[in-house]
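Worksheet: the structure to be examined is printed underneath.
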Amino acid sequence: MVEIAGLDRMLLEHPFFAGMAPEQAAFVAGCGRNVVVEAGAWLFREGEAADQFYLLRHGRVTLELRAPGREPLIFDTLGEGDIVGWSWLLPPFCWSMDARAQTLVRVVALDAHCLRDKLDSDPALGYALLRRFVPVMGRRLQAARLQLADLYARPQGGRG
Amino acid sequence: MNATPGGADPALWLPEPWRIERVRRELSDTFTLELQPTAGGAPLRFLPGQFNMLYAFGLGEVPISISGDPEADGPLVHTIRAVGPVTEAMRRLVPGDVLGVRGPFGSCWPVSGAEAEGCDLVIVAGGVGLAPLRPAILHVLRHRQRFGQVCIFYGARTPADILYRHELRRWRGQFDLLVDVTVDRATQDWAGRVGVVPRLVEGGGYDPQHTLALVCGPEIMMRHTARALLARGVRRERIHVSMERNMKCAVGLCGHCQFGPHFVCRDGPVFRFDVIEALMTVDGL
Ligand SMILES: Cc1cc2nc3c(=O)[nH]c(=O)nc-3n(C[C@H](O)[C@H](O)[C@H](O)COP(=O)(O)OP(=O)(O)OC[C@H]3O[C@@H](n4cnc5c(N)ncnc54)[C@H](O)[C@@H]3O)c2cc1C
Ligand code: FES
């Protein structure tokens, strides 16, 4: 109980959950635990089951893609106040990239099975959570588009 | 801020010969030239954000921002990315070679006026866009006590494309500056941030209500950075961007650099975002 009471406070202090109704935060916190990941260790690998949802409290995580014959490509880093991953929300609940701790990382890890059950049983909570996810997804999609545009590539412009 | 309204001063039509004193290779395609007037005399006075027309004899003339310290008596400094015939030819120049120089032209970053006094400053650069901002940064460092928080956010394509790497590292070591660098992609040997530069703006470190923002880089990067600043609550008229258009006369006569109702050489290159925002998404402008 003590740990859970601490966790719901932690959730409410995290930008992703900030402003959420305390009872909803407490309900979600029931799926969570505090985890420390050493620098260099994986949070998850592409193809693995997406059975956790991470709230980053401290440190930095790299998101990476692997391709044969090439060094792994880091395409994003996430830091304090960010969330890691939404594959746990979408079938087939499978990670589509690798995530690695670039520094020592402290996260709240929410169990995805537990959370999905709670979201299904409580549509108001499901809606509240999705409303928080959509802007994050929008921002990351926008950032990915900019990366795709390869802004600083040579022939396009003088200054890039 | 234009040096000669209407381009009436004939001296500004005539390139002066300047000798290359030093060449610094910055990146695979980017280099810095340090120049002195062949005739000797006083250093060129300019304001942060202004540009010169540099003439590679027999080849052509191109607008290049001045990237040196506006208050130092040192050489004239230009950082240039080789992208086409004229800038490629400039890349091949060595100390002792001579370039034609006309200028300085254009508007400046508003760092020395009352508008900036006491404000937080957010300086956002992408790629070689750090070069036109360098004089503004050097001015701010010289007069640090006049400003509130100062944030420098820089984005490059990969870690190998980070311009002024040593200087960024030095600025980052200062207690009174927030310096953050991100790259669009990286491999394991990079221990810094990855992601596009507008995201750095989202992280804060400044008071949006009292912030003056200076943004320079590719146009898409500037638009998206301006939007990220607006989303944080920075006022439109407090965001300044530096535009690029092809130029010929640089004194507001030929119309080559026309951008809607503005001439970039005369009314810019530094514009208030609210003045040109609508034009930035007009096709073909
Ligand atoms: C006010 C101002 C300040 C500038 N400051 C700098 C600077 O500090 N350092 C620097 O490296 N460059 C700067 N530039 C850009 C520089 O002027 C151009 O890169 C140069 O004119 C290219 O000439 P070129 O003959 O080598 O290549 P070009 O053959 O003229 O161009 C090669 C390629 O680059 C594209 N291009 C050329 N100029 C521009 C531009 N302005 N915007 C977008 N795409 C362009 C062309 O479409 C072409 O694809 C500045 C431009 C302006 C207007
Ligand atoms: S370059 Fe001639 S009007 Fe601007």
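The values are calculated or read from the model by the stated rules, or taken from the named source; none is laboratory data. All of these numbers come straight from a predicted model, not from anything done at the bench. All Cβ positions, even for glycine, are placed from backbone atoms using ideal geometry, and neighbour counts span all protein chains on display.
When the stretch B:231-254 is filtered for residues that are at positive phi and away from ligand 1 (no atom under 16 Å from the Cβ), only B:Gly233 remains. Counting the residues of the stretch B:231-262 that are closer than 27 Å to B:Val83 by Cα and buried (at least 23 other Cβ atoms within 10 Å of the Cβ) gives 6. Residues in the stretch A:12-30 that are of a type outside the set (A, V, I, L, M), surrounded by 14 or more Cβ atoms within 10 Å (Cβ to Cβ) and not in a loop (DSSP other than H, G, I, E, B): A:Gln24, A:Phe27. Taking the stretch B:271-284 as the range and being surrounded by 13 or more Cβ atoms within 10 Å (Cβ to Cβ) and either hydrophobic (A, V, I, L, M, F, W, C) or over 18 Å from B:Ala213 (Cα atoms) (or both) as the test, the residues that pass are B:Phe271, B:Phe273, B:Val275, B:Ile276, B:Leu279, B:Met280. Which residues, counting only those in the stretch B:165-197, are within 14 Å of chain A (Cβ to nearest Cβ) and either part of a loop (DSSP other than H, G, I, E, B) or in contact (Cβ under 8 Å) with a residue 60 or more places away in the chain (or both)? Result: B:Asp184, B:Arg185, B:Thr187, B:Gln188, B:Asp189, B:Trp190, B:Ala191, B:Gly192, B:Gly195, B:Val196, B:Val197. For residues in the stretch B:237-285 being more than 16 Å from ligand 2 (Cβ to nearest atom) and of a type in the set (A, V, I, L, M, F, W, C), which is modelled with the lowest pLDDT? Step by step, filter the stretch B:237-285, then rank; the result is B:Val282. Within the stretch B:10-25, is there a residue that is within 14 Å of chain A (Cβ to nearest Cβ) and within 16 Å of ligand 1 (Cβ to nearest atom)? The answer is no; no qualifying residue exists. Criterion applied to A:Ala124, A:Ala128 was being away from ligand 2 (no atom under 16 Å from the Cβ) and either loosely packed, with under 15 Cβ neighbours inside 10 Å or in a loop (DSSP other than H, G, I, E, B) (or both), and the one residue passing it is A:Ala124. Using the structure shown, decide if A:Phe93 is modelled with pLDDT of 95 or more and under 20 Å from A:Ser121 (Cα atoms). Here the answer is yes, as A:Phe93 does meet what is asked. Checked against the criterion of being basic (Lys, Arg) and within 27 Å of B:Asp180 (Cα to Cα), the candidates A:Arg60, A:Arg116, A:Arg45, A:Arg131 yield just one match: A:Arg60. Within the stretch B:115-147, the residues that satisfy the criterion of being under 15 Å from B:Arg238 (Cα atoms) and either in contact with a His (Cβ under 7 Å, 6 or more places away or on another chain) or within 14 Å of another protein chain (Cβ to nearest Cβ) (or both) are B:Cys119, B:Asp120, B:Val124. When you scan the stretch B:212-219, do you find a residue that is more than 16 Å from ligand 1 (Cβ to nearest atom), within 24 Å of B:Ile66 (Cβ to Cβ), within 10 Å of chain A (Cβ to nearest Cβ) and touching a residue at least 60 places away in the same chain (Cβ under 8 Å), even just one? No, there is no match, as no residue in the stretch B:212-219 is more than 16 Å from ligand 1 (Cβ to nearest atom), within 24 Å of B:Ile66 (Cβ to Cβ), within 10 Å of chain A (Cβ to nearest Cβ) and touching a residue at least 60 places away in the same chain (Cβ under 8 Å).
Among the residues of the stretch A:120-147, the ones that are hydroxyl-bearing (Ser, Thr, Tyr) and closer than 14 Å to A:Trp88 by Cβ come to 0 in all. Residues that are small (Gly, Ala, Ser) and in contact with a helix residue (DSSP H, G or I) (Cβ under 6 Å, 6 or more places away or on another chain) were ranked within the stretch A:105-127; the one that is modelled with the lowest pLDDT is A:Gly126. Considering (1) surrounded by fewer than 23 Cβ atoms within 10 Å (Cβ to Cβ); (2) away from ligand 1 (no atom under 13 Å from the Cβ); (3) within 12 Å of chain A (Cβ to nearest Cβ), the lone condition that B:Gly155 does not fulfil carries the number (1). So, B:Ala226, is that one surrounded by fewer than 24 Cβ atoms within 10 Å (Cβ to Cβ), away from ligand 1 (no atom under 16 Å from the Cβ), farther than 30 Å from B:Leu14 by Cβ and of a type in the set (A, V, I, L, M) or not? When the stated conditions are applied, B:Ala226 does not pass them. Of the residues making up the stretch B:39-73, those that are in contact with an Asp or Glu (Cβ under 8 Å, 6 or more places away or on another chain), surrounded by fewer than 17 Cβ atoms within 10 Å (Cβ to Cβ) and of a type outside the set (A, V, I, L, M) number 1.
Please verify whether the stretch A:55-67 includes one or more residues that are more than 14 Å from chain B (Cβ to nearest Cβ) and either touching a helix residue (DSSP H, G or I) at 6+ places or on another chain (Cβ under 9 Å) or surrounded by 14 or more Cβ atoms within 10 Å (Cβ to Cβ) (or both). So far as the stretch A:55-67 goes, yes, one or more of its residues are more than 14 Å from chain B (Cβ to nearest Cβ) and either touching a helix residue (DSSP H, G or I) at 6+ places or on another chain (Cβ under 9 Å) or surrounded by 14 or more Cβ atoms within 10 Å (Cβ to Cβ) (or both).
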